[in-house]
Amino acid sequence: MKRFSYFFAVVFVLLYVGVAGAQEFPIMDMVANNVIQKYQNATCEQLWKQKMEPKTAQQQEFIKILRADPQMRTAFINKVAPTIVNKMFECGMIP
């Protein structure tokens, strides 16, 4: 019974840390979700066109923030990378 209690305590702590980590960068999460939706909903032609367009002021500011905060940058890349890479592969943007 004591072993079960320890197991339950460890699971609870891991869940708490996971939820707290997800809330660490709420603005970044919002931006990442928008990027993910953009890639999921865009056609390959739209992505090729958008790639050539200059970045907006908001995009440039967010990139500046990501460059200044390695922890946030890592969280952002870990969140958006699977969607972006899969879409780029589908569109022939990467081999």
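Straight Cα distances below 22 angstrom link K38 to the lysines K49, K51, K55, K64, K79, K87, with same-chain residues fewer than 8 positions distant left out.
Distance distribution P(r), region 25-90, all Cα-Cα pairs, bin width 10 angstrom from 0: 19, 51, 28, 1 percent. A DSSP coil position with no more than 12 other Cβ atoms inside 10 Å describes none of the trypsin sites (Lys or Arg not before Pro) in region 63-95.
Since every read-out is calculated from the coordinates, none of them should be taken as a lab result. Keep in mind it's a predicted model, so treat the numbers as computed, not measured. Cβ sites come from the backbone with ideal geometry, for glycine too, and all protein chains shown count toward neighbours.
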